Each structure stands twice: as C-alpha cells, then as structure tokens.
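The values are calculated or read from the model by the stated rules, or taken from the named source; none is laboratory data. Predicted model only: the values in this text are computed from it and were never measured. Neighbour counts run over all protein chains shown; Cβ positions are idealised from the backbone, glycine included.
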Amino acid sequence: MTDSAGSRNALGQKQALRAVGFRLIPFFGYLGLIFYAGGAPSSDGPSWQLPGADKTLHAIGFGLLYFLAVPVVTLLRPNATIAFTVVAAILVSSTSGAALELYQATLVHRSAELLDWVADTVGAMLAAVSSMALSRAWRRWS
C-alpha cells in the first residue's frame, strides 16, 4: 500500500469514528442525564404545578430521546427502511423508559409508575408522528 492510500484510509477511519461519535455521544449522554435525574430524590414540586405536568415532562423527555435514537438506529442498520427505523427508535425510547422505571423501583427515595412508562412511550410515538408529518409537509413545499 502506498503512503497516499494509507493516509486516505486513516482519514476515512477518522471520519467514520467521528460520525459514530456524533451519533452515539448525544444519545448516551442524554440517556445518562435522564437516569441521573430519574435517580435523584424527587420533590413534590411547587404548589402551583399543573396537574399532569410530570407525565408531560416524561413525554417530552422521551420524545427527545426518540430523535436521538434515530441516528443510532441508522448507524446500526444503515440500509433499513424508514418504517423499521421509526419503529426501532420508538422501541429504544420506550425500552429506555421501562428501564428507568425498573431502576427507580430499586431506589428507596423513588417509586416506579406504570403511567410514567406509558407517557414515555406516548412521547416517543408523538415525536415519530410529528417528524413524519413535518417531513411530508417539507417535501410538498419544496
């Protein structure tokens, strides 16, 4: 192998590692933050907190996780269909929510709630539906 081919190969490996990092680091960093916050002692929150605010925050949080899971799924299955990618990203987000609830069940200062996991899954599903609707609208407008 010539020096030119070797340097191109090394450059290609660096770009591939960078691409992997740009997909994995945000996903696992955010997931780590979710588990860190989910393991912290809970507070009852301010007295003015709206009813259902906890479930809304769960839906938003795991809806955001869906958006970070899509690039990870495409990294693992680059030739997958859009439908597979969407379903897999929803499952990754939902499974992460279930894992959080199981983790919280082991903590003395936290409790696991089935409805929290339902809110996590609904948030991921709403994120998927909204992203597909925006994508279709974008294609029509352009």
Note to self: Quick check on residue 37: is it out of contact with any Lys or Arg (no Cβ under 8 Å at 6 or more places or on another chain), over 30 Å from residue 17 (Cα atoms) and either in contact (Cβ under 8 Å) with a residue 60 or more places away in the chain or in a helix (DSSP H, G or I) (or both)?
What the structure shows: no
Next item on the list: Among the candidates 112, 137, 83, single out the residue that is without any contact (Cβ under 8 Å) to a residue 12 or more places away in the chain, outside any helix (DSSP H, G or I) and either surrounded by 11 or more Cβ atoms within 10 Å (Cβ to Cβ) or among the hydrophobic types (A, V, I, L, M, F, W, C) (or both).
Entry: 112
Next item on the list: For residues that are out of contact with any helix residue (DSSP H, G or I) (no Cβ under 7 Å at 6 or more places or on another chain) and in a helix (DSSP H, G or I), tally how many sit in the range 92-109.
Entry: 4
Check: Which one of 140, 110 is charged (D, E, K, R), farther than 22 Å from residue 42 by Cβ and at pLDDT below 95?
Finding: 140
Check: Do you know which residues across the range 115-132 are surrounded by fewer than 15 Cβ atoms within 10 Å (Cβ to Cβ) and either in contact with a strand residue (DSSP E or B) (Cβ under 8 Å, 6 or more places away or on another chain) or small (Gly, Ala, Ser) (or both)?
Finding: 130
Check: Exactly one of (1) under 26 Å from residue 20 (Cα atoms); (2) surrounded by 17 or more Cβ atoms within 10 Å (Cβ to Cβ) is unmet by residue 58. Its number?
Finding: (1)
Next item on the list: Mind telling me which of the residues 121, 56 ends up being free of Cβ contacts under 8 Å to residues at least 60 places away in the same chain and either at negative phi or outside any helix (DSSP H, G or I) (or both)?
Entry: 121
Check: Scanning for something under 22 Å from residue 30 (Cα atoms) and at pLDDT 95 or above, does the range 46-55 turn up at least one residue?
Finding: no
